Amino acid sequence: MTKSILSVSIVLVALGIVSFVISDFASVTALIPSFFGIVLLILALVAMSAEKKDQTGVKKHTIHAALGVTLLGLLGSFRGIPAFIGSFGGEELARPMATYAQVVMFVLCAYLLFAGVQSFIKARKKRAAA
């Protein structure tokens, strides 16, 4: 799970930076995916460190925190989804780069949240079987 969090965090940081550059540095809000990515990156590194030190409690809480941040990212980026879907029907996007960044962030966060829930279910079944 920590590798998934690390991977998604790196992509989110890159997404924010690319969005900011492509939008000609017009708004700091283009960096929002990067802010989420940095928080997730820190949490992933803490979880990896805890895993190496065999601190399962710290790792567990850190991954839960990362998925909480991911849920906030998912909810915050959802507002781009209706605009994106509407663009297929001919509606013009007011801020295309922002919409695309929100959609990519939504998909990444949805993936990470789904993978996290699957990981929790698997861990619970493993504990129950032991």
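Remarks
- Computed over the chain: relative contact order in percent, which uses C-alpha pairs under 8 Å that are six or more apart: 26 percent
- Added length on full extension, which subtracts the Cα-Cα distance from 0.36 nm per residue, ALA65 to MET48: 4.7 nm
- Check: the chain dipole with +1 on Lys, Arg Cβ and -1 on Asp, Glu Cβ, in debye: 940 debye
- For the stretch 39-113, the gyration tensor built on C-alpha atoms gives a prolate shape. Its axis ratio a/c (a ≥ b ≥ c) is at least 1.5, and a/b is the larger of a/b and b/c.
- Debye-formula intensities of the stretch 2-129, expressed as log10 I(q)/I(0) at q = 0.12 Å⁻¹, are -0.50 (one equal scatterer per alpha-carbon, no solvent).
Where a number appears in this text, it was derived from the coordinates with a stated rule and is not lab data. Being a predicted model, the structure only gives us computed values, none of them experimental. All Cβ positions, glycine included, derive from the backbone under ideal geometry; neighbour counts span all protein chains shown.
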